[in-house]
Structures are given as structure tokens and as C-alpha cells.
Amino acid sequence: MTAARQDVQAVAKTVHVSARKARLVLDNVRGRSVPEARTILAFTTRAVATDIEKVLRSAVANAEANHGLDGDELVVEAAYADEGPTLKRWQPRARGRVNRIRKRTCHVTLVLAEVPEPQTPRRRSRKQAEPAAEESKPKSSTRRRKKEAVA
């Protein structure tokens, strides 16, 4: 019997950092457990790490409040940053010209999932395993027929 696995997500919209910079930090967090991800984000020197930490805290709060899960037993299953709206500004330059400035934003999404419990495979007895191994081997007469058909 396979229990339905619950996924919980949290999204931060219009974070004032480019998606490329956010992805650098999210790559370090993806696939980690929540306590490990919190530790990594606490010691990351990039400014976007504080925003990602807020999203992680929000996702854990969603899991605990809405689904009754334990926050420390969750894993960051997916972490991605999509491009958000870009604010277009301009800066005056020499001889009456203008330089365009793009203030990029992104949407940060974190998906948390329960840790799957490791299942030990059931062992079969040798009596059941031997006939299956013999059936998978082709017989020598079959091999000869195949070689003759190719030649």
C-alpha cells in the first residue's frame, strides 16, 4: 500500500533580484532537508538568501498548519526562480543621450515533500529464483537457428 505523498509549496512574488542570481542560491538548497537548507541559507553571503529563507519558513508553516506535517522531516523537492516583471528606468548620459536600466525581479517557488520511508526489499527463496534464471537464457538450439538466419 502506497500512501499519497503530500507536497507543500510557498511562493514569493516580485522579489527584487534577478532570477539568475536567485538560481545560484536555490541550487544549493534543492534536495536538502529543511534543517540543512536553513543552515545553508543562514551562512550564504548573497543578499537573496534572506528572501529565500523567508519563503522556506513560509512553506514549513504551510505544511504544519494546513497539512499537519512535521517541518523538520520535510525535504526541499523543488526550488526554482522564474522571471518576474522588469522595471524599466533610464539614466542620463553625455550629449543628451540615455542609458536604459532594467531592474529585474523574480518569483521564487519552494516545494517541500515528506521524506519517503526506506522500504526493505522482500527476499525470495532460492527455489523461486533458479527457474526464472534458467528461463531467461536462450537454448543453444535457438542460438544456432539465429546464427544461421543471419548468415
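Considering only residues that are of a type in the set (D, E) and out of contact with any Leu (no Cβ under 6 Å at 6 or more places or on another chain), which ones fall in the range 1-57? Step through it out loud before you land on a result.
Taking the range 1-57 first, the residues of a type in the set (D, E) are 7, 27, 36, 51, 53.
The answer is D7, D27, E36, D51.
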### Query
Residue check: is A78 in contact with a helix residue (DSSP H, G or I) (Cβ under 6 Å, 6 or more places away or on another chain), among the small types (G, A, S) and within 26 Å of S18 (Cα to Cα)?
no
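Whether any residue in the range 127-136 is under 30 Å from L24 (Cα atoms), among the hydroxyl-bearing types (S, T, Y) and either surrounded by 11 or more Cβ atoms within 10 Å (Cβ to Cβ) or at pLDDT below 90 (or both) is what I want to check.
Step one: filter the range 127-136 for residues under 30 Å from L24 (Cα atoms), giving none.
No, the range 127-136 contains no residue that is under 30 Å from L24 (Cα atoms), among the hydroxyl-bearing types (S, T, Y) and either surrounded by 11 or more Cβ atoms within 10 Å (Cβ to Cβ) or at pLDDT below 90 (or both).
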### Message
Cβ-Cβ under 6 Å, sequence separation 6+ or interchain: first residue in the range 114-134 and at negative phi, partner at pLDDT 55 or above and assigned to a loop (DSSP other than H, G, I, E, B). Which pairs?
### Response
E114/R5
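The values are calculated or read from the model by the stated rules, or taken from the named source; none is laboratory data. Computed from a prediction, not measured in an experiment: that's the story for all the values here. Backbone-built Cβ (ideal geometry, glycine too); neighbour counts: all protein chains shown.
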